[in-house]
Ligand code: MG
Ligand code: ZN
């Protein structure tokens, strides 16, 4: 019985997500779902990307957070549209939450929408939010073993971003093993080594994303 109920919930999410996807397509919006642990640097990465991309691309953000609006306030200070979703403890975003958020965004005036998922390496990967691309963020302080331990988080993603590389000398993060595991799981993922605190590597990621946004506009 429980399995049947679980199945129904997933189907409902899929239907809403399909609608969201159509809505985003109609408006020519390229959508990214950023996933990663709490403290990996999702919001810090967003701030850096907004800095770089804002002059050229019309951006908006959906901020997933368990209880607070701390991250949304950080994004709001950059003067781009942001909608906060408080999941009140739920550990991932789903289609219904995204539908609610899309209803509150100026869709006619957005080219790139970035969704910051709840900090969690498990279930966010199981919920399609209608995104065009997923980006998984890992920081060197978490250890390279997370790729093999949480494979769904690093499979089928457009990019894997390794943050805090400035701390590599102070950790026992094994870069070789990290690349080996990624190659085994998801050879197509682009990998970017960055440091949000030092600002390094972000330009390459921003340039790559700019190309992606332009590609979708040309297809339209
Ligand atoms: Mg955050
Ligand atoms: Zn969850």
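The values are calculated or read from the model by the stated rules, or taken from the named source; none is laboratory data. Because the structure is predicted, anything quoted here is derived from the model rather than measured. Please note: Cβ atoms are built from the backbone with ideal geometry, for glycine as well, and neighbour counts cover all protein chains shown.
Residue by residue through segment 202-219, note down the ones that are touching a helix residue (DSSP H, G or I) at 6+ places or on another chain (Cβ under 8 Å) and without any contact (Cβ under 8 Å) to a residue 12 or more places away in the chain.
Scanning segment 202-219 gives no hits.
When residue 135 is evaluated against the numbered criteria (1) within 16 Å of ligand 1 (Cβ to nearest atom); (2) within 21 Å of residue 15 (Cα to Cα); (3) modelled with pLDDT of 95 or more, which criterion, by number, is the only one it fails?
(2)
Report whether or not residue 138 is part of a strand (DSSP E or B) and closer than 17 Å to residue 43 by Cβ. Spell out the reasoning first.
Working: part of a strand (DSSP E or B): yes; closer than 17 Å to residue 43 by Cβ: yes.
Spelling it out, residue 138 is indeed part of a strand (DSSP E or B) and closer than 17 Å to residue 43 by Cβ.
Going residue by residue through segment 93-100, is there one that turns out to be surrounded by fewer than 20 Cβ atoms within 10 Å (Cβ to Cβ), free of Cβ contacts under 8 Å to residues at least 40 places away in the same chain and within 16 Å of ligand 2 (Cβ to nearest atom)? It would help to see each step written out before you state the result.
Just the residues of segment 93-100 that are surrounded by fewer than 20 Cβ atoms within 10 Å (Cβ to Cβ), to begin with: 96, 99-100.
Next, from what is left, pick out any that are free of Cβ contacts under 8 Å to residues at least 40 places away in the same chain: 100.
Of the ones still in play, those that are also within 16 Å of ligand 2 (Cβ to nearest atom) are none.
No: zero hits.
Go through segment 111-126 and count every residue that is away from ligand 2 (no atom under 16 Å from the Cβ) and either buried (at least 22 other Cβ atoms within 10 Å of the Cβ) or part of a helix (DSSP H, G or I) (or both). Break it down into steps so the answer makes sense when it comes.
Step one: of segment 111-126, the residues away from ligand 2 (no atom under 16 Å from the Cβ) are 111-114.
Cutting the leftovers down to either buried (at least 22 other Cβ atoms within 10 Å of the Cβ) or part of a helix (DSSP H, G or I) (or both) gives us 112-114.
Matching residues across segment 111-126 total 3.
Got a sec? Which of 64, 28 is within 26 Å of residue 16 (Cα to Cα), touching a helix residue (DSSP H, G or I) at 6+ places or on another chain (Cβ under 8 Å) and touching a residue at least 60 places away in the same chain (Cβ under 8 Å)? Talk me through it step by step, then tell me what you get.
Numbers: 64 fails: touching a residue at least 60 places away in the same chain (Cβ under 8 Å).
Exactly one residue qualifies, and that residue is 28.
Keeping to segment 11-60, report how many residues are closer than 18 Å to residue 138 by Cβ and either more than 14 Å from ligand 1 (Cβ to nearest atom) or part of a strand (DSSP E or B) (or both).
Number of matching residues: 5.
Filter segment 88-101 for residues that are outside any helix (DSSP H, G or I) and in contact with a strand residue (DSSP E or B) (Cβ under 7 Å, 6 or more places away or on another chain) and give the result. Working first, answer last.
First, the residues of segment 88-101 that are outside any helix (DSSP H, G or I): 88-94.
The one that is outside any helix (DSSP H, G or I) and in contact with a strand residue (DSSP E or B) (Cβ under 7 Å, 6 or more places away or on another chain): 93.
In the list 50, 75, 80, 85, which residue meets the criterion of being more than 25 Å from residue 166 (Cα to Cα), away from ligand 2 (no atom under 16 Å from the Cβ) and either touching a strand residue (DSSP E or B) at 6+ places or on another chain (Cβ under 9 Å) or at pLDDT below 95 (or both)? Spell out how you get there, then give the answer.
Details: 50 fails: more than 25 Å from residue 166 (Cα to Cα); 75 fails: more than 25 Å from residue 166 (Cα to Cα); 85 fails: away from ligand 2 (no atom under 16 Å from the Cβ).
Testing whether each residue is more than 25 Å from residue 166 (Cα to Cα), away from ligand 2 (no atom under 16 Å from the Cβ) and either touching a strand residue (DSSP E or B) at 6+ places or on another chain (Cβ under 9 Å) or at pLDDT below 95 (or both) leaves just 80.
Go over the candidates 181, 177 one by one and state the one that is more than 15 Å from residue 35 (Cβ to Cβ), touching a helix residue (DSSP H, G or I) at 6+ places or on another chain (Cβ under 7 Å) and in a helix (DSSP H, G or I). Talk me through it step by step, then tell me what you get.
On the way: 177 fails: touching a helix residue (DSSP H, G or I) at 6+ places or on another chain (Cβ under 7 Å).
Only one candidate qualifies: 181.
Within the group 105, 129, which residue is closer than 18 Å to residue 25 by Cα, assigned to a loop (DSSP other than H, G, I, E, B) and within 16 Å of ligand 2 (Cβ to nearest atom)?
On the way: 105 fails: within 16 Å of ligand 2 (Cβ to nearest atom).
Of 105, 129, the one residue that is closer than 18 Å to residue 25 by Cα, assigned to a loop (DSSP other than H, G, I, E, B) and within 16 Å of ligand 2 (Cβ to nearest atom) is 129.
Can you name the residue in segment 177-201 that is surrounded by fewer than 18 Cβ atoms within 10 Å (Cβ to Cβ) and touching a residue at least 40 places away in the same chain (Cβ under 8 Å) and is also farthest from residue 164 (Cα to Cα) among such residues?
This residue is 199.
Just to be sure, is residue 146 at positive phi and either touching a strand residue (DSSP E or B) at 6+ places or on another chain (Cβ under 7 Å) or surrounded by 21 or more Cβ atoms within 10 Å (Cβ to Cβ) (or both)? Working first, answer last.
Details: at positive phi: no; either touching a strand residue (DSSP E or B) at 6+ places or on another chain (Cβ under 7 Å) or surrounded by 21 or more Cβ atoms within 10 Å (Cβ to Cβ) (or both): yes.
In short, no.
Report the residue count in segment 67-86 for those that are within 13 Å of ligand 1 (Cβ to nearest atom) and not in a strand (DSSP E or B).
Adding up the residues that qualify gives 9.
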